[in-house]
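Notes follow once the structure below has been shown.
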Amino acid sequence: MTTQKQRQTLTSVETDTPTDEILKLLTRDGGVIVKNFLTKEQMNRFNAEIEPPMQALRPGSTHENEMVAAFHGSNTKRLTNLVTHSATFRNEILEHSLVHEVCDRTFLPESGTYWMTTAQVIEIGPRSQAQMLHRDLENWFPFIGMGPDGPEVTLNFLIALTDFTEENGATRVIPGSNHWSDFEDRGTPEQTVPAIMNAGDALLFSGKTAHGGGANQTSDEYRRAVAFALNPGFLTGEEAYPFLVDREVAKTLSPRVQRILGFRSQYPTGSPGLWQVDYADLGDYLGL
């Protein structure tokens, strides 16, 4: 277990805070809360759009691996394929200027391109246990060994759709864990702090940061959030969007959203192109 000290709180900033300042806090602490990331009107529309599939979804996991099933949570709902379910998500949330400013500044200098690995509505129900602590970069094993000196391979935006409190399962974060020398050390619950947020606030955090969903100790509250993560275009994402999102829907999206969903080719630094058709851009082949 690490003996390194970490900050005891997460810093909160307004959504119009200069990107440089947000990135400095992200680099220092591994996470930062951006207040008022979404408006109340946007949240109302998004919640209305995803409510039917959320109602049809049963809590718990269908995964055969017991550890993965426990990770997903027995009383937690996880709704994926949000691009299909929500026009607000695909047309507004994925077009949020701060998302692209942060990702451009983070990924483009080192990786050259980025796309979305997954997007989920995560609703933690009453009497749920805390999720095991983890780092998002664990999806790509070699980066665990690279530790803090490795590249940034994931940025996660977790937007609160209900108020986040310590009692209802606010995400737990270990500030500064992005600098630990051993990334196989995930820390302990005692080292975490809750990301207390109002609905509409967003937690932006690094794939290097140890975190986990908190325990929902209430008897009747549901803690809902939408999380979407982005990674360099040379890494395989969790959701295979070109097989999930209807091409007619994809045609309505901006070129940059088409790219982060995999409907256009990826151009990592040093590569003439990946995810192509006959060495030509996938977007041309698809008529986009």
* To do: Using mean projected area of the Cα convex hull in nm² as the read-out, say which of (i) 22.9; (ii) 14.8; (iii) 16.6 was calculated from these coordinates.
  => (ii)
* Asked: Say each of ASP16 and ASN81 gets a label point 7 Å from the Cα, pointing the same way as Cα to Cβ; how far apart are those two points in nm?
  -> 4.0
* Structure fact -> In whole Hz, the Karplus estimates of ³J(HN,Hα) for segment 257-267 (6.51, -1.76, 1.60; θ = phi - 60°; x where Gly or Pro) are 6, 4, 5, 6, 9, x, 8, 9, 5, 10, 10
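Treating only the Cβ atoms of Lys and Arg (+1) and Asp and Glu (-1) as charged, compute the dipole magnitude of the chain about its Cα centre; round to the nearest 20 debye.
Charge dipole of the chain: 180 debye, to the nearest 20.
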* For segment 168-185, what does the Karplus curve 6.51 cos²θ - 1.76 cosθ + 1.60, with θ = phi - 60°, yield as ³J(HN,Hα) per residue in whole Hz, taken in order and with x for Gly and Pro? -> 9, x, 3, 3, 9, 10, 9, x, x, 5, 5, 9, 5, 6, 10, 7, 6, 8
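For the chain, what is the calculated [θ] at 222 nm in deg cm²/dmol (nearest 500), taking -39500 (n - 2.57) for each run of four or more DSSP H residues and dividing by its residue count? Write out the running numbers ahead of the final one.
Numbers: 9 runs with 74 residues, N = 288.
Using -39500 (n - 2.57) per qualifying helix, the result is -7000 deg cm²/dmol.
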* Nearest 20 debye, what's the magnitude of the dipole of segment 197-288 about its Cα centre given +1 on Lys and Arg Cβ and -1 on Asp and Glu Cβ? -> 200
* Asked: With the chain treated as a Gaussian network of Cα nodes joined by springs under 10 Å, which of PRO255, PRO268, PRO232 yields the largest mean-square fluctuation?
  -> PRO255
* To do: Using θ = phi - 60° and the Karplus relation 6.51 cos²θ - 1.76 cosθ + 1.60, list the HN-Hα couplings for segment 234-240 in order, rounded to whole Hz, with x at every Gly or Pro.
  => 8, 10, 6, x, 6, 9, 8
* By count of other Cβ within 10 Å, fewest leading, how are ASP16, ASP182 ordered? -> ASP16, ASP182
* Asked: Once amide H atoms are placed 1.01 Å from N in the peptide plane, what residues at a sequence separation of 5 or more from THR209, or on another chain, have their amide H within under 5 Å of its amide H?
  -> ASP136
* Asked: Once you put a point 7 Å from the Cα of ARG247 and another 7 Å from the Cα of THR269, both along the Cβ direction, what distance in nm separates them?
  -> 3.5
* **Interchain or long-range residues, amide H under 5 Å from TRP115's placed H** => ASN231, GLY233
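Considering only DSSP beta bridges where both residues belong to segment 12-247, give the percentage that are antiparallel (nearest 5).
Details: 37 of 40 bridges.
Approximately 90 percent, going by the DSSP bridge assignments.
Going through segment 175-252, which GluC sites (Glu not before Pro) have at most 11 other Cβ atoms within 10 Å and a DSSP loop state? Provide the component values of the computation, followed by the final result.
Details: sites: GLU184, GLU190, GLU221, GLU238, GLU239, GLU248; in loops: GLU184, GLU221, GLU238, GLU239.
Sites meeting the loop and neighbour criteria: GLU184.
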* When only C-alpha pairs under 8 Å and at least 6 residues apart count, what is the relative contact order of the chain, in percent? -> 25
* Asked: In nanometres, what is the gap between the two model label sites at ASP182 and ALA280, each 7 Å from Cα along Cα-to-Cβ?
  -> 5.4
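Every read-out reported here was derived from the displayed coordinates using simple, explicitly stated rules and does not represent laboratory data. All of these numbers come straight from a predicted model, not from anything done at the bench. So basically every Cβ, Gly included, is an ideal-geometry build from the backbone, and we count neighbours across all protein chains shown.
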